[in-house]
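A quick write-up on the structure given underneath.
The values are calculated or read from the model by the stated rules, or taken from the named source; none is laboratory data. Keep in mind that what you see is a predicted model, and the values were worked out from it rather than measured. Don't worry about glycine lacking a Cβ; one is built from the backbone with ideal geometry, like all the others, and counts go over all protein chains shown.
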Amino acid sequence: MKKELKGVFAPVVTTFYAETGELDVAAFSANVRAHLAAGLHGIVTNGSTGEAALLDASERSALIDAARELVPRDKWLIAGTGAESTRTCLQYTRDAASRGADAVLVVAPHYYGTAMTGAALMQHYWRIAEESPVPVMLYNIPKYMHFTLAPTLVAELAAHENVIGIKDSSGNRELFASYMNIQSPTFAVLTGNAPMFHHALESGSPGGILAVALFAAGLSLEVYDAAASGDAEAASAAQARMSPLGAKIVGELGVAGVKAAMDRVGLAGGPVRSPLVGLAAEQGEIVEELLRSAELATA
């Protein structure tokens, strides 16, 4: 069965035991169950919100295994496999495919940022696409990459039969529009930016991979479903409630903010992994106030 790359996807957090810092797979699995029960259309492991940069290879594999046990085949399981070398990215990609991931999400190498020319990125991504056993999604997140994937590069890569889409977390409407010009029946453009979710859907995007959906799944789906049914007023109203959560909790407070919000709505957030640090008390109060303002029940 061929699945459409559409809907609201959960870029799940990685849960750790507070005492040891080791993976808490049981808590991770409980979150995945809750996200699926809430109606989200797919699960993305080992992404930015999942602290992928702080995980070792065995941890990445364990999370894919845990998710694969729970994600039904009619929903997407996408694994982040980006790495600084093409070689390591391919190792992660093959491993994810062997563990049942439906697709991989590949952030560009960025440590040697100025060396990541169009030619270098083209060579990297084309090889991933050629050798990946599963479909590949590009990932544009300038906040962490410190550059953007040029629309000309994306257009070239979109022509590869194994490249099925891009997640754009830039929040830049002009750039997003450039990507949307590349969208086709075989290449989907998803947003990773909650404040512009309704705008993205109105522009023709089939969905989003949204960290805000981890603690506000119902609200995210409200925007999506209202837009899909043509109720722009309802979609705008839900978007107005969701935007501050995306801007402040996700955009400003980052992974620690997302995990704190999850804890407050009865899911498992827990500690971040060092060198990340948890929220200060006053930041935690901001999270609680934002959740209340969005009419989300806190635990």
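Given the residues Ala18, Ala38, Ala10, which is the only one that is over 21 Å from Ser220 (Cα atoms) and among the small types (Gly, Ala, Ser)? From the options Ala18, Ala38, Ala10, the qualifying one is Ala18. Inside the range 149-172, can you point out the residues that are surrounded by fewer than 18 Cβ atoms within 10 Å (Cβ to Cβ) and either free of Cβ contacts under 8 Å to residues at least 24 places away in the same chain or under 18 Å from the mean Cα position of the chain (by Cα) (or both)? Residues satisfying the conditions are Ala159, Asn172.
Summed over the range 184-205, the residues that are assigned to a loop (DSSP other than H, G, I, E, B) and either surrounded by 18 or more Cβ atoms within 10 Å (Cβ to Cβ) or among the charged types (D, E, K, R) (or both) give a count of 3. Among the residues of the range 226-237, how many are without any contact (Cβ under 8 Å) to a residue 24 or more places away in the chain and surrounded by 19 or more Cβ atoms within 10 Å (Cβ to Cβ)? Summing the residues that are without any contact (Cβ under 8 Å) to a residue 24 or more places away in the chain and surrounded by 19 or more Cβ atoms within 10 Å (Cβ to Cβ) in the range 226-237 gives 1. Could we say that Glu288 is of a type in the set (Asp, Glu), modelled with pLDDT of 95 or more, farther than 30 Å from Thr20 by Cα and assigned to a helix (DSSP H, G or I) here? It is false that Glu288 is of a type in the set (Asp, Glu), modelled with pLDDT of 95 or more, farther than 30 Å from Thr20 by Cα and assigned to a helix (DSSP H, G or I).
In the range 238-275, of all residues being of a type outside the set (A, V, I, L, M, F, W, C) and buried (at least 22 other Cβ atoms within 10 Å of the Cβ), the one that is farthest from the chain's Cα centre (by Cα) corresponds to Gln239. From the list Arg68, Arg87, the lone residue that is of a type in the set (Lys, Arg), farther than 30 Å from Gly204 by Cβ and without any contact (Cβ under 8 Å) to a residue 12 or more places away in the chain is Arg87.
In contact with a helix residue (DSSP H, G or I) (Cβ under 8 Å, 6 or more places away or on another chain), part of a helix (DSSP H, G or I) and either at pLDDT below 95 or not β-branched (Val, Ile, Thr) (or both): does that describe Ala129?
yes
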